[in-house]
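To keep things clear, I will list the structure first and then write my remarks on it.
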Amino acid sequence: MSHPKSEVVLTDRQVYVSPQVRGCLNRQVDDDIVWYYGDRNYISFGTRVINNNYLVNKNGYGELVLIIKQISMGILGKYSCVNNKTKRKIKTVELKIIEKPSIVNHSNTTLMITEGSSVELWCEVESVIEYKIDWFLHNDRLDLPVGINGSRLTIVNITRHCSAIYRCFVTNAKGNNSVDFDVTVIPIPFKDHKYKYETTITSAVEQLVDV
């Protein structure tokens with residue numbers, strides 16, 4: 001049987017006094033109910049705490065409320081409330097920090113592409129909360145939906161005029177991050193253009209002759 005799980009997301013790395021982790025209903029003897037951190041690092045038995053960084057009080061609903069005195073990086077992680085007698089997990093809470101989004105992976109940042117071919121730029125993002133991705137050409141945001149699919153930007157039949165700096169720009173409520181891609185388009189020599197043009201004309205003439 002799975003147990004309910006909830007998350008408490010902290011707003012930043014600053015210190016906050018007495019945030020409460022609630023919901024451990026005390027229907028059993030108080031001392032049978034324990035709070036622990038991570039893998040069985042015990043915090044309390046009933047309302048008796050064995051770690052001075054915490055307090056446990058009983059509220060008006062009969063719940064044993066875990067109070068964290070000060071928030072720091074060392075107390076982030078999973079907290080569990082368990083009936084120590086039956087070993088039944090009553091509640092699990094995970095404390096996280098909201099940070100600006102991270103770009104954890106991306107395509108090559110320097111690309112040389114032959115004119116007429118296609119290129120795909122992409123960036124892989126990690127964020128605890130909802131984020132948004134915008135693509136920029138130099139410093140101008142690309143509004144055209146064609147070729148833009150979230151974390152990927154596809155340029156089809158690229159021309160020499162597409163040589164530029166492209167940017168994947170990621171934002172969430174906490175901040176932003178970005179990565180630049182330097183795309184250089186290698187022009188097709190003029191004689192190649194002429195050859196393609198002549199080939200097309202010749203093919204059209206041959207079709208007319210066949211008719």
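The values are calculated or read from the model by the stated rules, or taken from the named source; none is laboratory data. Note that the structure is a prediction, hence the values are computed from the model and not measured. Counting neighbours? That spans all protein chains shown, and the Cβs are built from the backbone with ideal geometry, glycine included.
Brief remarks on what is shown
- Test: residue in segment 183-197 that is assigned to a loop (DSSP other than H, G, I, E, B), modelled with pLDDT under 90 and exposed (fewer than 12 other Cβ atoms within 10 Å of the Cβ): yes
- Strands (runs of 3 or more DSSP E) (entirely within segment 58-164) containing at least 2 residues that are over 30 Å from ASN176 (Cβ atoms), assigned by TED's automatic domain parsing to the domain that holds GLY38 and touching a residue at least 12 places away in the same chain (Cβ under 8 Å): 63-68, 77-83, 88-97
- Candidates LEU142, LEU111 - the one that is at pLDDT 95 or above and surrounded by 13 or more Cβ atoms within 10 Å (Cβ to Cβ): LEU111
- ILE129 being over 26 Å from the mean Cα position of the chain (by Cα), farther than 30 Å from ALA164 by Cα, among the aliphatic types (A, V, I, L, M) and surrounded by fewer than 16 Cβ atoms within 10 Å (Cβ to Cβ): no
- Across segment 27-45, the qualifying residues are those that are under 37 Å from the mean Cα position of the chain (by Cα) and not hydrophobic (A, V, I, L, M, F, W, C), and the one among them that is modelled with the highest pLDDT is TYR37.
- No other residue among VAL119, VAL93 is among the hydrophobic types (A, V, I, L, M, F, W, C) and at pLDDT below 90 apart from VAL93.
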